[in-house]
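The values are calculated or read from the model by the stated rules, or taken from the named source; none is laboratory data. Please read all numbers here as calculations on a predicted model, not as lab measurements. Don't worry about glycine lacking a Cβ; one is built from the backbone with ideal geometry, like all the others, and counts go over all protein chains shown. Surface areas here come from the heavy atoms of the whole protein model, side chains and all, with no ligands, DNA or RNA. Shrake-Rupley method; radii C 1.70, N 1.55, O 1.52, S 1.80 Å.
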Amino acid sequence: MAVVVIVGGQWGDEGKGKVVDFLAEKADMVARFSGGDNAGHTVINPYGEFRLHLVPAGIFRAHTTCIVGNGVVVNPPVLLEEINNLQEHGVDTSHLFISDRAHLIMPYHILLDGLEEERRGGKALGTTRRGIGPAFSDKIARMGIRTGDLLNKDAFRNRLSSILEFKNAVLCKVYGKSPLSVDEVFEQYCHYGDKLRPFVRDIGPIIREAIRNNGLILLEGAQGTLLDPDFGTYPYVTSSSPLAGGGSLGVGISPREINHIVGVFKAYITRVGSGPMPTELKDEVGELIRRKANEYGATTGRPRRCGWFDAVAARFSGEVNGFTELALTHLDTFDGFPSIKICTAYRLDNEILDSFPGDIAVLEKCQPIYEELSGWQGPIDGIRDFAQFPSEARRYLARLEELLCCPINLVSVGSRREQMIKVRPTF
Ligand code: IMP
């Protein structure tokens with residue numbers, strides 16, 4: 001079969017969970033490889049409606065092994081609550097495994113995420129305040145605590161004591177806050193460790209066996225390409241790589257094992273948090289998209305900024321990921337729009353740019369240049385066969401394929417599993 005990475009092509013929230021839920025029908029394994037509970041994947045299926053923050057969207061298929069990879073940061077109470085909720089809805093979680101190398105989000109990470117944001121004042125990044133940045137910083141600074149550490153209580157206590165000494169100094173001396181108690185954090189995390197113990201292991205042998213057995217393995221990305229710490233709109237980015245390359249690092253397999261890279265895009269574009277967004281619509285059209293598509297953050301509930309499809313950013317996303325195919329979600333949102341715009345280049349003073357600038361000061365000055373296509377009446381949410389789509393909708397997809405030089409193989413016209421339409425066969 002194949003190893004397939006599913007990557008967000010924009011600023012996150014493209015509907016990756018929905019695409020994974022659909023593709024997982026035939027998958028032997030689904031693995032999350034980056035991010036943490038800043039991600040929020042909404043999945044609607046016969047079990048109910050779920051907002052998954054850490055558990056891979058393959059969990060609903062009993063034959064699919066689900067992995068939380070080493071590249072993810074795990075907030076134990078969030079993960080445990082998610083597992084409980086799934087179990088209460090009759091979902092089997094015995095096929096879920098958490099990498100012992102995945103770093104933990106600790107209470108001081110969450111505190112510091114909020115305190116750092118407040119200190120930035122008007123220049124706040126608009127993080128999800130889930131402790132993601134501080135947890136990944138500690139991983140790289142070699143000051144992290146890993147999921148596997150919870151299984152050896154003596155070693156965990158020693159490590160926690162020395163790290164907390166430093167963190168308490170920052171909390172008290174930099175921010176004037178109260179220190180955290182080693183005993184309390186230790187007790188709390190030992191309790192989480194006991195509950196997580198059945199799920200935690202070295203995931204390497206499990207993944208390598210699935211590859212040897214020629215299984216279909218989906219690597220489920222979180223966030224989106226334009227939030228990548230290197231290639232996104234730095235510093236308005238997240239703290240781990242959502243790119244296809246992050247897929248091999250985040251579960252510990254060679255890039256040579258990856259066969260397909262699926263880029264997931266919305267038919268328009270959204271962003272939560274601060275940072276430049278050239279095609280943002282601050283008018284009634286943006287409001288209409290937000291209302292029709294319910295564009296509010298799955299994790300924070302914040303209204304998402306909405307705009308027309310940005311093909312300049314999308315092409316760049318294709319360049320850094322190497323998409324082999326695309327999935328386009330929320331096409332039904334455009335039902336009844338008289339016309340639809342696509343940004344095909346930027347105007348920068350007297351220059352025309354067709355590449356995505358790395359410097360946000362430049363991007364902030366870019367004005368979108370639009371191409372306008374005819375809309376359709378709809379509704380298209382009941383259509384299950386691509387050939388039945390209105391010709392204007394097919395024309396819109398064909399133009400995006402042309403601009404991105406990549407086939408769109410899947411299109412979604414609603415949030416339910418059966419509203420994912422195959423345009424042509426996938427792997
Ligand atoms: P952090 O990842 O919480 O540190 O937030 C950094 C930036 O990434 C902020 O602009 C967030 O709104 C954004 N972000 C993080 N996770 C997601 C996501 O799952 N979808 C969309 N934006 C996200």
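List of remarks:
- Yes/no for Ile258 being touching a helix residue (DSSP H, G or I) at 6+ places or on another chain (Cβ under 7 Å), assigned by TED's automatic domain parsing to the domain that holds Ala27 and not hydroxyl-bearing (Ser, Thr, Tyr): yes
Okay, residues lined up against (1) open to solvent by 10 Å² or more (accessible area, probe 1.4 Å); (2) in a loop (DSSP other than H, G, I, E, B); (3) within 16 Å of the ligand (Cβ to nearest atom):
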site	(1), (2), (3)
Gln223	yes, yes, yes
Thr238	yes, yes, yes
Ser241	yes, yes, yes
Gly245	yes, no, no
Arg256	yes, no, no
Val262	no, no, no
Phe265	no, no, yes
Gly286	no, no, no
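- All positions within segment 188-221 that are closer than 16 Å to Ile98 by Cβ and open to solvent by less than 50 Å² (accessible area, probe 1.4 Å): Tyr189, Tyr192, Gly193, Leu196, Phe199, Val200, Ile203, Gly204, Ile206, Ile207, Leu219, Glu220
- Enumeration of residues in segment 401-427 that are in contact (Cβ under 8 Å) with a residue 40 or more places away in the chain, farther than 22 Å from Glu295 by Cα and in a loop (DSSP other than H, G, I, E, B): Cys405, Cys406, Pro407, Thr426, Phe427
- Selected residue [without any contact (Cβ under 8 Å) to a residue 24 or more places away in the chain and not in a loop (DSSP other than H, G, I, E, B)] from Ala393, Ala398: Ala398
- Residue that is surrounded by the most Cβ atoms within 10 Å (Cβ to Cβ) [pool: residues in segment 359-376 that are over 14 Å from Glu392 (Cα atoms) and among the aliphatic types (A, V, I, L, M)]: Leu363
- Of the residues making up segment 55-84, those that are touching a Cys at 6+ places or on another chain (Cβ under 7 Å) and open to solvent by 30 Å² or more (accessible area, probe 1.4 Å) number 0.
- For Asn84: the one exception among (1) without any contact (Cβ under 8 Å) to a residue 24 or more places away in the chain; (2) touching a strand residue (DSSP E or B) at 6+ places or on another chain (Cβ under 8 Å): (2)
- Pairs, first at positive phi in segment 43-63, second open to solvent by 10 Å² or more (accessible area, probe 1.4 Å) and not aliphatic (A, V, I, L, M), C-beta under 6 Å, six or more apart: Gly48/His89
- Residue that is closer than 24 Å to Thr324 by Cβ, in the same structural domain as Tyr236 (by TED's automatic domain parsing) and within 12 Å of the ligand (Cβ to nearest atom), where the choices are Gly8, Gly69, Gly40: Gly8
- Selection of segment 38-54 for residues being assigned to a loop (DSSP other than H, G, I, E, B) and surrounded by fewer than 24 Cβ atoms within 10 Å (Cβ to Cβ) yields Gly40, Pro46, Tyr47, His53.
- Filtered residue count, segment 293-307, keeping only those that are part of a loop (DSSP other than H, G, I, E, B) and either open to solvent by 60 Å² or more (accessible area, probe 1.4 Å) or in contact (Cβ under 8 Å) with a residue 24 or more places away in the chain (or both): 9
- Selection from segment 11-37 of residues that are of a type in the set (D, E, K, R) and either modelled with pLDDT under 90 or more than 10 Å from the ligand (Cβ to nearest atom) (or both): Lys18, Asp21, Glu25, Lys26, Asp28, Arg32
- Note on segment 337-355: residues that are open to solvent by 20 Å² or more (accessible area, probe 1.4 Å) and in a loop (DSSP other than H, G, I, E, B) total 5.
- Any hit, segment 122-134, residues being in a helix (DSSP H, G or I), open to solvent by 40 Å² or more (accessible area, probe 1.4 Å) and within 16 Å of the ligand (Cβ to nearest atom): yes
- Condition met for Thr324 (closer than 26 Å to Asn70 by Cα, outside the structural domain of Ser34 (by TED's automatic domain parsing) and either surrounded by fewer than 22 Cβ atoms within 10 Å (Cβ to Cβ) or within 16 Å of the ligand (Cβ to nearest atom) (or both)): yes
- Filtered residues of segment 168-187 (kept if surrounded by 14 or more Cβ atoms within 10 Å (Cβ to Cβ) and farther than 27 Å from Glu118 by Cα): Phe186
- Members of segment 274-284 that are open to solvent by 20 Å² or more (accessible area, probe 1.4 Å) and polar (S, T, N, Q): Ser274
- Whichever residue in segment 395-420 is under 20 Å from Gly15 (Cα atoms) and of a type in the set (D, E, K, R) and, among such residues, is surrounded by the fewest Cβ atoms within 10 Å (Cβ to Cβ): Glu418
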